[in-house]
Amino acid sequence: MTCPLCLRVEQTQTHQYPYLIHEFENSYLYLGEHQYYRGYCVLVTKEHYKEMTDIPEAKREVLFKEMMIAHSAIEKAFLPKKMNMCSLGNVVPHIHWHFFPRYADDANFNNSPWLQMHLFETVKVTPDERSELINKVKDKIF
Ligand SMILES: [Zn+2]
């Protein structure tokens, strides 16, 4: 079976995936397809790595900087109370990081964002909202 994130990388490179926020040297930053947590984004490595330890040493530092730039841009764009970041990969074993901005009015603030996973698909964005949110993050990437 084709890896869904390798497929997404391929679709990005052929301009068929409209959620791209920014292309870094080693990764792509995407707006999440659902926005249950406003500002939810995902950073995906261009290459298929199952574990972080599979990333060649020479790329690790650059990739970490890309992660920090993404983190900072999302934080500046949405002003969350706290950013949650996670990389699991049990379902899709291609290294990626989820960025969940968490807000003060979040009823489940002390819990993992994944506990609300069943509600994620209830908050989809229209193409206009998608462009607005993408630009909001893009404006904060330096
Ligand atoms: Zn992959």
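Report, ordered by the first and then the second residue, all pairs with beta carbons closer than 7 Å, sequence separation of six or more or different chains, a first member in region 1-13 that is modelled with pLDDT of 95 or more, and a second member that is more than 8 Å from the ligand (Cβ to nearest atom) and of a type in the set (A, V, I, L, M). That search, which allows pairs on different chains as well, returns LEU5/VAL44; ARG8/VAL44; VAL9/VAL44; THR12/LEU20. Out of all the residues in region 39-56, is one or more touching a strand residue (DSSP E or B) at 6+ places or on another chain (Cβ under 9 Å) and more than 23 Å from GLU10 (Cβ to Cβ)? Scanning region 39-56 turns up at least one residue that is touching a strand residue (DSSP E or B) at 6+ places or on another chain (Cβ under 9 Å) and more than 23 Å from GLU10 (Cβ to Cβ). Regarding LEU115, is this residue within 16 Å of the chain's Cα centre (by Cα) and of a type in the set (A, V, I, L, M, F, W, C)? Judged against the criteria, LEU115 is not a match. Would you check which residues across region 14-49 are surrounded by fewer than 17 Cβ atoms within 10 Å (Cβ to Cβ), in contact (Cβ under 8 Å) with a residue 40 or more places away in the chain and in contact with a Lys or Arg (Cβ under 8 Å, 6 or more places away or on another chain) and list them? Of everything in region 14-49, those that are surrounded by fewer than 17 Cβ atoms within 10 Å (Cβ to Cβ), in contact (Cβ under 8 Å) with a residue 40 or more places away in the chain and in contact with a Lys or Arg (Cβ under 8 Å, 6 or more places away or on another chain) turn out to be PRO18, GLU33, HIS34. Taking the listed residues TYR28, TYR40, TYR36, the one that is at negative phi, within 11 Å of the chain's Cα centre (by Cα) and away from the ligand (no atom under 16 Å from the Cβ) is TYR40, with no other qualifying. Considering each of GLU61, GLU57, GLU75 in turn, give the residue that is more than 16 Å from the ligand (Cβ to nearest atom) and either within 17 Å of the chain's Cα centre (by Cα) or surrounded by 12 or more Cβ atoms within 10 Å (Cβ to Cβ) (or both). Going through GLU61, GLU57, GLU75 in turn, the sole match is GLU75.
Taken together, SER131, SER72, SER87 contain a single residue that is within 14 Å of GLY32 (Cα to Cα), hydroxyl-bearing (Ser, Thr, Tyr) and at pLDDT 95 or above, which is SER131. Can you name the residue in region 1-25 that is away from the ligand (no atom under 16 Å from the Cβ) and within 20 Å of LYS124 (Cβ to Cβ) and, of all such residues, is farthest from the chain's Cα centre (by Cα)? Looking at the filtered set, the residue picked out is GLN16. Residue check: HIS96 meets all listed conditions (1) modelled with pLDDT of 95 or more; (2) away from the ligand (no atom under 16 Å from the Cβ) but one, namely (2).
Looking only at region 108-142, filter to residues that are in contact with a helix residue (DSSP H, G or I) (Cβ under 9 Å, 6 or more places away or on another chain), assigned to a loop (DSSP other than H, G, I, E, B) and among the hydrophobic types (A, V, I, L, M, F, W, C); which one of those is surrounded by the most Cβ atoms within 10 Å (Cβ to Cβ)? Restricting to residues being in contact with a helix residue (DSSP H, G or I) (Cβ under 9 Å, 6 or more places away or on another chain), assigned to a loop (DSSP other than H, G, I, E, B) and among the hydrophobic types (A, V, I, L, M, F, W, C), the top hit is VAL125.
The values are calculated or read from the model by the stated rules, or taken from the named source; none is laboratory data. As the structure is a prediction and not an experimental result, all values here were calculated from the model. Heads up, the Cβs are rebuilt from the backbone with ideal geometry, glycines too, and the neighbour counts pull from every protein chain shown.
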